[in-house]
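Remarks on the structure that follows.
Every number here is computed from the coordinates shown, using simple stated rules; none is lab data. Keep in mind it's a predicted model, so treat the numbers as computed, not measured. Cβ atoms come from the backbone with ideal geometry, glycine included; neighbour counts cover every protein chain shown.
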Amino acid sequence: MMHIVAICGAGVGTSGILKVNAERALARLGLEATVTASDAASVMTAAADAQIILTSSELVPAIGKTYAEIIVINNYFDLDELADKLEEALS
Amino acid sequence: MPLPPLPDDAINLHASAGDWRDAVRLAGNALERGGFTAESYSDRMIEVIEEFGAYVVIAPGLALAHARPGPDVLNSGIAVVTLAEPVVFGHPHNDPVNVVIGLAVTGTEEHVTTVAELANVFNDAGSIPALADAPTAERVRDILGAPAAE
């Protein structure tokens, strides 16, 4: 199963919103993946087996080295943006 | 699952903030007046942004100010602050901000239903401008689908 991690600074709040809306975007695309939420400090363990990291441009430097593909989301509530970027990354 | 109760005391409409720190502090004050947090929570929300940047500006015009659970979170809840004049947080796409939602949670698990409900509300792109223009606390609760205080 594909693993997608949503990352925010504190691990509560914004990453939860990103997780919920990523799941909605995946459902719209007809794709299945496990989506989890985590904070920047735990990204090394939380995203160790992840294929994709979803986050804000502001947090990319905090994520550091990773084998996962990092997708930057501008508007966390825009399901079109999420679906387009996920579809491009997964195709 | 509706949002937690949103008392009038946790809503501050068309407030004045000189900069993003002021705006976050207003959200912290509203959380404190609503009985959700103690005074130090404002500083912790500001520290999150100082450490990680303006990522809390998650959509155009909207900041979701928050910090980790801690002893200064008395009850989980949200507060809503709208700004008469928008302020810049330093986000590359979503500035300036005229709606600040303060979020406080007592544990990392229980926030999930609250943020899922916030996602439902704001997936409607009209919700942020509607909140920014809301003239009364009652209208804010209507937009968010949040009950008044018990």
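At-a-glance table
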{"read-out": "Karplus-derived 3J(HN,Hα), 6.51/-1.76/1.60, for each residue of segment A:65-72, Hz, glycine and proline x", "value": "6, 8, 8, 6, 7, 9, 10, 8"}
{"read-out": "Cβ-defined net charge surrounding A:Thr36, 11 Å radius [Lys, Arg +1; Asp, Glu -1]", "value": "-1"}
{"read-out": "Other protein chain Cβ atoms within 10 Å, averaged over every residue that makes up B:91-100", "value": "2"}
{"read-out": "Zone of B:Ala38's modelled label, taken as backbone nitrogen in segment B:72-107 under 20 Å from a point 7 Å along Cα→Cβ", "value": "B:72-79, B:103-107"}
{"read-out": "Loop-located trypsin sites (Lys or Arg not before Pro) in segment A:22-76 whose Cβ has at most 12 other Cβ within 10 Å (DSSP)", "value": "A:Lys65"}
{"read-out": "Summed residue charge, Cβ within 10 Å of B:Val87's Cβ, Lys/Arg positive, Asp/Glu negative", "value": "-3"}
{"read-out": "B:Leu6 long-range amide H proximity, modeled H, under 5 Å", "value": "B:Ala148, B:Ala149"}
{"read-out": "Packing-based exposure ordering (other Cβ within 10 Å, fewest first) of B:Val97, B:Val140", "value": "B:Val140, B:Val97"}
{"read-out": "Cleavage-rule hits (chymotrypsin sites (Phe, Trp or Tyr not before Pro)) in segment A:49-91: DSSP loop, at most 12 neighbouring Cβ within 10 angstrom", "value": "A:Tyr67"}
{"read-out": "In chain A, GluC sites (Glu not before Pro) in a DSSP loop with at most 16 other beta-carbon atoms within 10 Å", "value": "A:Glu32"}
{"read-out": "Test item: B:116-124 mean partner chain Cβ contacts at 10 Å", "value": "5"}
{"read-out": "Burial ranking of peptide ranges A:9-20, A:44-55 (average Cβ count within 10 Å, highest at the top)", "value": "A:9-20, A:44-55"}
{"read-out": "5 angstrom amide H check on B:Ala59, placed H, neighbours 5+ away", "value": "A:Tyr76"}
